[in-house]
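The values are calculated or read from the model by the stated rules, or taken from the named source; none is laboratory data. From a predicted model like this one, the values you see are computed outputs, not experimental measurements. All Cβ positions, even for glycine, are placed from backbone atoms using ideal geometry, and neighbour counts span all protein chains on display. To get the accessible areas, we keep the full protein, side chains included, count just its heavy atoms, and leave off ligands, DNA and RNA. Shrake-Rupley method; radii C 1.70, N 1.55, O 1.52, S 1.80 Å.
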Amino acid sequence: MIVLGAVLPHPPILLPQIAQGREVHARATLDAYETVAVRLRELDVQRLLLISTHGVVTLNRFHALDADLSGSFERFGHPGLTFDRPIDQDMAHCLLAAAEPADLPLTRTAIWEQSDHSVGVPITLLGDALPPAVGIVSISFRPARDHFRLGQSIGRALSDLSGPTAIIASGDAVHRLNEDSPRGQHPRGQEVQQTYETALENWDHESLIAIDESLRREVDESVISPTLILMGALAGLTAHPRILCSEHPWGVGYVTALIDCLAESA
């Protein structure tokens with residue numbers, strides 16, 4: 001039973017070992033992470049699905065990890081800072097089985113990007129608030145609506161599993177918000193950021209699907225696809241979204257949100 005959803009940003013600079021004190025500039029995001037951790041514990045979440053944006057991302061297929069996760073932050077200069085998690089095999093099997101009749105290309109894989117910080121940062125920061133084993137699926141370059149459809153199949157699959165279940169959409173929002181961005185400011189960056197946050201607050205997947213995909217690439221965002229999967233997964237529930245924090249200390253939008261869920265009345 002799905003009881004909780006969340007949207008979490010994943011910049012490695014949130015980790016003190018990497019930030020070396022600069023994480024204080026994202027204090028509100030770190031506080032929001034702690035709020036998510038508290039909620040996971042309150043609900044006694046026993047199963048958790050992470051939606052990755054950096055694991056295995058291909059043109060036409062989604063992927064689900066079916067081997068235990070093992071990675072590090074070597075790409076960010078810290079090979080000794082590692083993360084690992086057993087994979088919930090029951091969840092992986094159910095996800096794959098549900099995607100097939102929906103004609104969605106979800107492929108099992110034992111190979112994953114070893115420096116996938118989109119899962120490494122949430123796993124590190126949430127720590128023992130997470131269940132012992134997790135499920136992991138990736139986004140793809142397929143159309144936005146296919147991400148929502150994949151989410152719907154995921155929601156059906158997870159409803160068949162026992163135990164309180166949570167889903168985390170990991171993604172950073174617009175990377176080109178202002179002149180502080182290392183990638184430069186985009187004139188429509190603020191517009192896309194606001195459209196995303198409004199759609200999240202209103203739980204409006206059609207508004208996200210409507211955003212031009214070339215514009216999404218231009219403003220360099222990575223949160224819309226995982227959010228659409230999350231929205232699809234919660235489509236059969238009454239979702240109560242709440243943005244805990246939205247900040248952009250380095251010109252990159254970080255949005256942290258909690259979505260409490262209730263089953264629809266019969």
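Data for the structure
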{"item": "Any chance residue 259 is touching a residue at least 60 places away in the same chain (Cβ under 8 Å), on the phi < 0 side of the Ramachandran plot, aliphatic (A, V, I, L, M) and out of contact with any strand residue (DSSP E or B) (no Cβ under 7 Å at 6 or more places or on another chain)", "result": "no"}
{"item": "Some residue of segment 226-235 being within 17 Å of residue 145 (Cβ to Cβ), over 18 Å from the mean Cα position of the chain (by Cα), not acidic (Asp, Glu) and not in a helix (DSSP H, G or I)", "result": "no"}
{"item": "Helices (runs of 4 or more DSSP H) contained in segment 1-111 and holding at least 1 residues within 17 Å of the chain's Cα centre (by Cα)", "result": "27-42, 89-99"}
{"item": "When residues of segment 152-194 are limited to those that are among the polar types (S, T, N, Q) and assigned to a loop (DSSP other than H, G, I, E, B), the one farthest from residue 256 (Cα to Cα)", "result": "162"}
{"item": "Among (1) among the hydrophobic types (A, V, I, L, M, F, W, C); (2) out of contact with any helix residue (DSSP H, G or I) (no Cβ under 9 Å at 6 or more places or on another chain); (3) surrounded by 23 or more Cβ atoms within 10 Å (Cβ to Cβ), the one test that residue 49 misses", "result": "(2)"}
{"item": "Meets criteria (surrounded by 17 or more Cβ atoms within 10 Å (Cβ to Cβ) and assigned to a helix (DSSP H, G or I)) for residue 149", "result": "yes"}
{"item": "Residues being free of Cβ contacts under 8 Å to residues at least 12 places away in the same chain and open to solvent by 50 Å² or more (accessible area, probe 1.4 Å) - total across segment 184-201", "result": "4"}
{"item": "Odd one out for residue 239 among (1) of a type in the set (Gly, Ala, Ser); (2) part of a loop (DSSP other than H, G, I, E, B); (3) at pLDDT 95 or above; (4) surrounded by fewer than 24 Cβ atoms within 10 Å (Cβ to Cβ)", "result": "(2)"}
{"item": "Test result for residue 164, touching a strand residue (DSSP E or B) at 6+ places or on another chain (Cβ under 9 Å), open to solvent by 20 Å² or more (accessible area, probe 1.4 Å) and more than 21 Å from residue 109 (Cβ to Cβ)", "result": "yes"}
{"item": "Any hit, segment 159-174, residues being within 23 Å of residue 207 (Cβ to Cβ) and among the hydroxyl-bearing types (Ser, Thr, Tyr)", "result": "yes"}
{"item": "Residue under evaluation residue 207, criteria (1) of a type in the set (Gly, Ala, Ser); (2) closer than 23 Å to residue 237 by Cα; (3) outside any helix (DSSP H, G or I), criterion not met", "result": "(3)"}
{"item": "Within segment 59-72, considering residues that are touching an Asp or Glu at 6+ places or on another chain (Cβ under 8 Å) and open to solvent by 20 Å² or more (accessible area, probe 1.4 Å), the one nearest to residue 113 (Cα to Cα)", "result": "70"}
{"item": "Criterion: open to solvent by 10 Å² or more (accessible area, probe 1.4 Å) and of a type in the set (A, V, I, L, M) - qualifying residue of 133, 157", "result": "133"}
{"item": "Residue check, residue 124 of a type in the set (Val, Ile, Thr), under 16 Å from the mean Cα position of the chain (by Cα) and open to solvent by 30 Å² or more (accessible area, probe 1.4 Å)", "result": "yes"}
{"item": "Residues satisfying the stated conditions in segment 202-224, i.e. crowded, with 19+ Cβ neighbours inside 10 Å and in contact with a Ser or Thr (Cβ under 7 Å, 6 or more places away or on another chain)", "result": "208, 222"}
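Every residue, every condition in (1) surrounded by 15 or more Cβ atoms within 10 Å (Cβ to Cβ); (2) under 15 Å from residue 52 (Cα atoms); (3) not hydroxyl-bearing (Ser, Thr, Tyr), yes or no:
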| residue | (1), (2), (3) |
| --- | --- |
| 74 | no, no, yes |
| 86 | no, no, yes |
| 89 | no, no, yes |
| 97 | no, no, yes |
| 104 | yes, no, yes |
| 112 | yes, yes, yes |
